[in-house]
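Report on the following structure.
The values are calculated or read from the model by the stated rules, or taken from the named source; none is laboratory data. Computed from a predicted model, the values in this text were never measured in an experiment. Note: ideal-geometry Cβ built from the backbone for every residue, glycine included; neighbour counts use all protein chains shown. These accessible areas exclude ligands, DNA and RNA; they are computed on the full protein's heavy atoms, side chains included. Shrake-Rupley method; radii C 1.70, N 1.55, O 1.52, S 1.80 Å.
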Amino acid sequence: MHTPPDEDRFEMEGVPRGTTDWPPNDVEVSEALKRAFADGSWGRYHGPYVPRLAEALSEFFELTYAYPCCSGTFAVELALRALRIGSRDEVILAGYDYPGNFRAIEAIGARPVLVDIDPDNWNLDPKRLSTAIGPQTRAVLVSHLHGGLVPMSEVMEVARQHELAVVEDICQAPGAVVEDRLAGTWGDVTVLSFGGSKLLTSGRGGAILTRSAEAHQRAKIFCEQGNHAFPLSELQAAVLLPQLAKLHDRNRQRTGAVERLLAGLSGISCLNPLVNRAAGSTPAYYKVGFQYDAAMAGRTRGEFIAAAQAEGVAIDAGFRGFAHRSEKRCRIVGDLAECRRAGESALILHHPVLLEPSGTIDCVAAALRRVAGC
């Protein structure tokens, strides 16, 4: 939550003040830090915590291999390299996605291919994949964003028909369920981020996971340049272990908070939550995404954000997306109309408040209703 300018009014109306702390004050994380200091692991190239984290991630996702690394952004590049995607190959991704994913494709010499997104949840639309596939297309990069989930059974069907590799980016969705399976268990290689704002955080860091011994070995060979050139540290791994153990419980709390929040926002015509059409799916809310209708609200998205932040609500614009990227850098399929709309209209609520008491969630809903004029 952002600190509002009028603290007296803020206290009177009961809306929480200040920024909700993230990462939270976690006793188990504190104890992990103390252990890593006491045993000297914090200053070592190799110690017990990174291997333990890799094993814990493998068990959590029931994937054979987990390979921690320096960041989620690099993990996307590493995943593509592990799948032998390279120069002159094409990788399909949504035209609305995290900017680093586009750059990761470019970093290996491949060409991004942009497809439009689902109009209801502003994530990659599997129905658009087949028409985007060309003779150089080798892979699909699928991100689950803003509480939206991609129907992965449809993605995998198209990918298998056309012999495409699938990288599943769950940096915003660790612990989410897609069609009764954990997000991250569908693709050929899965990507995680442990960045400072993420649901699992060590300030920086990431990991890839896979069932493929060959992909795992290729990732290791690329990274091991005399030593691991892109490592996660022992200290980072130590603090991630207790967080991973709590992930499911915290996700359930976040899901309940979002359900309460959306009930409190019912009937606000300018603020529509993302809708997941895949049955048996439960998001993990790193962000809570909304489709904002400026015409209905009578104010621009920027004005709405400024007013909401003045009320203490940690809400902001989504990604800009790639709809305006030059065709010198990518191949664009269709007019990307939904990607343009998302880039201009997406609102995202940051997740830390979702672990606050129910009264706080009600205050957030009330604040957004005031801003919306309801």
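Give the residues of region 305-323 that are in a loop (DSSP other than H, G, I, E, B) and in contact with a Leu (Cβ under 9 Å, 6 or more places away or on another chain), sorted by residue number.
Passing the criteria: Glu311, Val313, Ala314, Gly318, Phe319, Gly321, Phe322, Ala323.
Just to be sure, is Ala237 over 30 Å from Gly302 (Cβ atoms), touching a residue at least 24 places away in the same chain (Cβ under 8 Å), touching a His at 6+ places or on another chain (Cβ under 7 Å) and not polar (S, T, N, Q)?
Numbers: over 30 Å from Gly302 (Cβ atoms): yes; touching a residue at least 24 places away in the same chain (Cβ under 8 Å): yes; touching a His at 6+ places or on another chain (Cβ under 7 Å): no; not polar (S, T, N, Q): yes.
No; evaluated as a whole, the condition is false for this residue.
Return only the number of the condition from (1) more than 14 Å from Val288 (Cα to Cα); (2) open to solvent by less than 10 Å² (accessible area, probe 1.4 Å); (3) among the small types (Gly, Ala, Ser) that Gly343 does not satisfy.
(2)
Just need a number here: residues in region 120-144 that are small (Gly, Ala, Ser) and at positive phi. Spell out how you get there, then give the answer.
To start, the set of residues in region 120-144 that are small (Gly, Ala, Ser) comprises 130, 132, 134, 139, 143.
With the extra rule that they be at positive phi, the set shrinks to none.
Counting residues in region 120-144 that are small (Gly, Ala, Ser) and at positive phi gives 0.
Pairs, please: C-beta under 7 Å, at least 6 apart or cross-chain, first residue within 12 Å of Ser193 (Cβ to Cβ) and in region 73-89, second part of a loop (DSSP other than H, G, I, E, B)?
The qualifying pairs are Phe74/Phe230.
Within the bounds of region 310-322, is there any residue that is open to solvent by less than 10 Å² (accessible area, probe 1.4 Å), under 25 Å from Lys127 (Cβ atoms) and either aromatic (Phe, Trp, Tyr) or under 22 Å from the mean Cα position of the chain (by Cα) (or both)? Talk me through it step by step, then tell me what you get.
Initial filter on region 310-322 (open to solvent by less than 10 Å² (accessible area, probe 1.4 Å)): 312-313, 315, 322.
Filter once more, keeping what is under 25 Å from Lys127 (Cβ atoms): 322.
Imposing the further condition that a residue be either aromatic (Phe, Trp, Tyr) or under 22 Å from the mean Cα position of the chain (by Cα) (or both) reduces the set to 322.
So far as region 310-322 goes, yes, one or more of its residues are open to solvent by less than 10 Å² (accessible area, probe 1.4 Å), under 25 Å from Lys127 (Cβ atoms) and either aromatic (Phe, Trp, Tyr) or under 22 Å from the mean Cα position of the chain (by Cα) (or both).
Show the residue pairs that are 6+ apart or on different chains and have beta-carbon atoms under 7 Å apart, the first residue being within region 313-333 and more than 30 Å from Thr360 (Cβ to Cβ), the second being small (Gly, Ala, Ser) and assigned to a loop (DSSP other than H, G, I, E, B).
Going by the 7 Å Cβ cut-off, the qualifying pairs are Gly321/Gly95; Phe322/Gly95; Ala323/Gly95.
If you go through region 156-187, how many residues are farther than 16 Å from Ala215 by Cβ and either among the acidic types (Asp, Glu) or within 18 Å of the chain's Cα centre (by Cα) (or both)?
Adding up the residues that qualify gives 15.
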